[in-house]
Amino acid sequence: MENIPSFDTMPRMLAELMEQMTYITRELSSMSKKLQHGSKPSHSEDFIDLETACEVVHLKKPTIYKLAQKGLIPHYKPAKELLFRRSELVKWVEDSRRISKMSLEEITRMMTGSVKRKAKSWDG
């Protein structure tokens, strides 16, 4: 016999299904936005050299060499020279954005500041 849910388990199963659908919808929306914004660079975009890449990302040559060696920065190496696409470097920098601790502290204060707590009474 198949695993047929009971009347009592239906609300829980329906809630789980709705959560999964919400997750799938968000993921598909995110993927769609990435595709619409053209995550791949135009093929007509010229390559830039290491010197220019240093200026774009504000890093020194040895740092960029290490990042490229570890595969952490988008690059091309058709021969001995590293090449980059400006748009990929800009996106790489934008994707590495971090929220500062101060911002997190401010958010925490705002969230907990509006919560009024009632003092617990201890009747022993």
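The values are calculated or read from the model by the stated rules, or taken from the named source; none is laboratory data. All of these numbers come straight from a predicted model, not from anything done at the bench. Please note: Cβ atoms are built from the backbone with ideal geometry, for glycine as well, and neighbour counts cover all protein chains shown. The accessibility values were calculated without ligands, DNA or RNA, using every heavy atom of the protein model including side chains. Shrake-Rupley method; radii C 1.70, N 1.55, O 1.52, S 1.80 Å.
Taking the condition of being open to solvent by 100 Å² or more (accessible area, probe 1.4 Å) and touching a residue at least 40 places away in the same chain (Cβ under 8 Å), how many residues in region 45-103 meet it?
So the count comes out to 1.
Of all residues in region 50-86, which are farther than 16 Å from SER96 by Cβ and not in a helix (DSSP H, G or I)?
LYS60, TYR76, LYS77, PRO78, ALA79, LYS80, GLU81, LEU82, LEU83, ARG85
Looking for something within 22 Å of ASP95 (Cα to Cα), at pLDDT below 95 and among the basic types (Lys, Arg) - is there at least one such residue anywhere in region 75-83?
No, there is no match, as no residue in region 75-83 is within 22 Å of ASP95 (Cα to Cα), at pLDDT below 95 and among the basic types (Lys, Arg).
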